[in-house]
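The values are calculated or read from the model by the stated rules, or taken from the named source; none is laboratory data. Remember, it's a predicted structure, so these values are computed and weren't measured experimentally. FYI the Cβ positions are ideal-geometry reconstructions off the backbone, even for glycines, and counts take in every protein chain you see.
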There are 2 protein chains.
Amino acid sequence: MTIKHVAADAGVSLQTVSRVVNKETGVRPQMAERVQASIDRLGYVPSIAAQRMGGSRSYLILALNDRERTIADWRARQGTDWVDQMLLGGMLTCAEHGYRLIVELVDTHSDHIERELLGAIAALQPDGVILTPPHSGNPLIIDLLEAQDIRFVRIGSISEGPGVRLMMDDARAARIATEHLVALGHRRIGFIAGPAEYELSGWRVDGWRAAMADAGLACTDLLASGDFSHASGRAAARTLFALPEPPTAIIGSNDQMTLATLELARETGRRVPEDLSLISFDDTPIIRLAHPPLTAIVQPIAEASARAVSLIIAGLAGDPTPDAPITVAAELTVRRSTARPPASG
Amino acid sequence: MTIKHVAADAGVSLQTVSRVVNKETGVRPQMAERVQASIDRLGYVPSIAAQRMGGSRSYLILALNDRERTIADWRARQGTDWVDQMLLGGMLTCAEHGYRLIVELVDTHSDHIERELLGAIAALQPDGVILTPPHSGNPLIIDLLEAQDIRFVRIGSISEGPGVRLMMDDARAARIATEHLVALGHRRIGFIAGPAEYELSGWRVDGWRAAMADAGLACTDLLASGDFSHASGRAAARTLFALPEPPTAIIGSNDQMTLATLELARETGRRVPEDLSLISFDDTPIIRLAHPPLTAIVQPIAEASARAVSLIIAGLAGDPTPDAPITVAAELTVRRSTARPPASG
DNA sequence: ATGAAAGCGCTAACAC
DNA sequence: GTGTTAGCGCTTTCAT
């Protein structure tokens, strides 16, 4: 079934069929209708390869993820569902517009990165690329994409440079989490920050500080930090627990560190949420299976991916590229790890 | 960077470059070397679209999954990592051979199914398709693929028909699980079967029965069944618990049902594994986060997907299509839900 | 062993 | 408005 068959069937030229398929203007409605009827009856669907060859789009969007980390997550089978959520948002949005999303793993190792990426681009000729951390902040990749004149969205990075920047509102998320605890009556709210290498670590701390200040509460001694690992979370929690006046609530910057805090709390005889309230960041499946299930800030990965795809497709259609970073709102999901502080507190 | 540039650079014709790229015979080594040098230096990578247009492969393999179930799993964020495991096995194996894996969701609803699939095939012109349940057992899809002369592998179905059949050895898995319990000293081993609609439900029961028979144990009353849902698992467990002589160990046909059994056990004062041993099937992340983490049969999804891709690519290269079902071995991962039966038992 | 020519299915640019 | 032409980058023939 090629465009020729449809043209013959409808008794028109190839071009007219092409115009109808691509919804171009300048075809008489009556004619368009006839052609569409042939298309439907014959079940014609244009070949993406041929469209691409004709100088049109490839209808392919690449979702670039860090190879090492992604494979490690898959192998570990700990429930990390980043890729799934990307597919959920990205693939479905692609499908709505006749696009496909192709997941591509790229090494962070800088020797290969350029060749790998160039190879994927040459082979697939994607219409757009979605960058996730740490690639979204990698100048090498960003410049390469820019040089290739490919539209791309950078998720989770606001560092200067080309490409549309898309972030989940980390500062606001931390603020919301803090406000939730303040509303419950907590006054000593600890925060376990992530590593400084991640731009978002700072944003989250900022949000917490701001909310504390707004509530007239002091942050002194209440900030600990880790590197997103379980062990570092445990150490941070130990520091906070050891305070002369320990916090009645703790916000952890990611699931692993918060889980570690929960563990240590249990081991040291603190009940959650009766003695200690806990809020996590990320909301991977692992924490809703914890005991108790943790109240958490949900990373809107699916929404961000959907947005990224939309932005790319809109850009292709001629819409101007937004210059300022775009924000996707994160939300707080209240589960059973937050409650009012102990009466004495 | 097109083949022309390479040809010009190497001072040869397009054909010669094409031959070198496709590793065809009949090029003088010295010549091939020179061409390859140009390719490397220019960083040339053939365009998949153009290759496809030229009548060659598309280097694309489609992984077909059930739309409704897959999206539901993604949204639920319960840690179901079927797609991730498919990507882990399938995508990496594809990459080794210069192929890409594209995940495609297809409705089971039979009105659309044919058009959807035909559309995807026409648009992408994939070199092969991987079918997962329930599609792998769907005659409509199977026949359609056969008619389109596309190579495909059916994972998890052994019903007659075209396509390579690839199964995870369910009977053997159930046998291994049962034998593990027998070895621990259990004599009353219950089994919660899955719904009859799934071919694999029967295989699993078969394996259990066979192992019980080999050990000289009776199965009477010890078989309950559910529909893979949490609720049905709970009901089945209740039946088994109510037996005059209840089992000291239970094997559940999937994670949800086994988890339900664990819950009911806890509620009714049975300790796992001290009073009751439990083995699950599937091994999604959820059960390693349970308390205690469950001993389980691991579904080798990644391995099966990798195998499926290999079979397709080998078929493309001219290897004969295996006629008999191919089996991928499942393994038992021992965690903390199995122990010796209580002294009195 | 290498090259030249034709064509894959489609779209762009240009005619009519 | 609609049809015609040329060409995208590659792989097939078929010549040499």
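Could we say that residue A:15 is assigned to a helix (DSSP H, G or I), near DNA strand C (Cβ under 8 Å from one of its atoms) and either within 26 Å of residue B:58 (Cβ to Cβ) or of a type in the set (S, T, N, Q) (or both) here?
Considered against the rule, which asks whether it is assigned to a helix (DSSP H, G or I), near DNA strand C (Cβ under 8 Å from one of its atoms) and either within 26 Å of residue B:58 (Cβ to Cβ) or of a type in the set (S, T, N, Q) (or both), residue A:15 comes out as yes.
Looking at region A:77-115, which of its residues are more than 10 Å from every other protein chain (Cβ to nearest Cβ), of a type outside the set (A, V, I, L, M) and free of Cβ contacts under 8 Å to residues at least 60 places away in the same chain?
Selection gives A:96, A:107, A:108, A:109, A:110, A:111, A:112.
When only residues in region A:1-48 that are among the small types (Gly, Ala, Ser) and within 14 Å of another protein chain (Cβ to nearest Cβ) count, which is farthest from DNA strand D (Cβ to nearest atom)?
This residue is A:43.
Looking only at region A:49-59, how many residues end up being more than 7 Å from chain B (Cβ to nearest Cβ) and of a type in the set (Gly, Ala, Ser)?
The number of residues fulfilling the criteria is 3.
So residue A:27 ticks every box in (1) more than 30 Å from residue A:141 (Cβ to Cβ); (2) in a helix (DSSP H, G or I) but one. Which box is left unticked?
It fails just one condition, (2).
With B:267, B:274 as the choices, which residue is surrounded by fewer than 17 Cβ atoms within 10 Å (Cβ to Cβ) and free of Cβ contacts under 8 Å to residues at least 60 places away in the same chain?
Answer to the check: B:267.
List, please: which pairs have Cβ atoms under 8 Å, are six or more places apart or on different chains, and start with a residue in region B:316-337 that is more than 18 Å from residue B:298 (Cα to Cα) and end with one that is part of a loop (DSSP other than H, G, I, E, B)?
Final answer for the pair search is B:316/B:57; B:316/B:127; B:325/B:158.
What residue, of A:47, A:56, A:110, is within 16 Å of DNA strand C (Cβ to nearest atom), at pLDDT below 95 and small (Gly, Ala, Ser)?
Residue meeting the stated conditions: A:56.
List, please: which pairs have Cβ atoms under 6 Å, are six or more places apart or on different chains, and start with a residue in region B:280-301 that is under 20 Å from residue B:201 (Cβ atoms) and end with one that is in a strand (DSSP E or B) and of a type in the set (Ser, Thr, Tyr)?
The qualifying pairs are B:287/B:280; B:294/B:280; B:296/B:280; B:296/B:333; B:298/B:333.
What's the total number of residues in region B:86-121 that are assigned to a helix (DSSP H, G or I) and either more than 17 Å from residue B:314 (Cβ to Cβ) or acidic (Asp, Glu) (or both)?
17
Among the residues of region A:18-38, which ones are more than 10 Å from DNA strand C (Cβ to nearest atom) and aliphatic (A, V, I, L, M)?
A:27, A:31, A:32, A:35, A:37
Give B:84, B:143 a once-over and let me know the one that is out of contact with any helix residue (DSSP H, G or I) (no Cβ under 6 Å at 6 or more places or on another chain) and either at negative phi or modelled with pLDDT under 95 (or both).
B:143
Which residues, counting only those in region B:43-66, are touching a strand residue (DSSP E or B) at 6+ places or on another chain (Cβ under 8 Å) and within 20 Å of residue B:1 (Cα to Cα)?
Passing the criteria: B:48, B:59.
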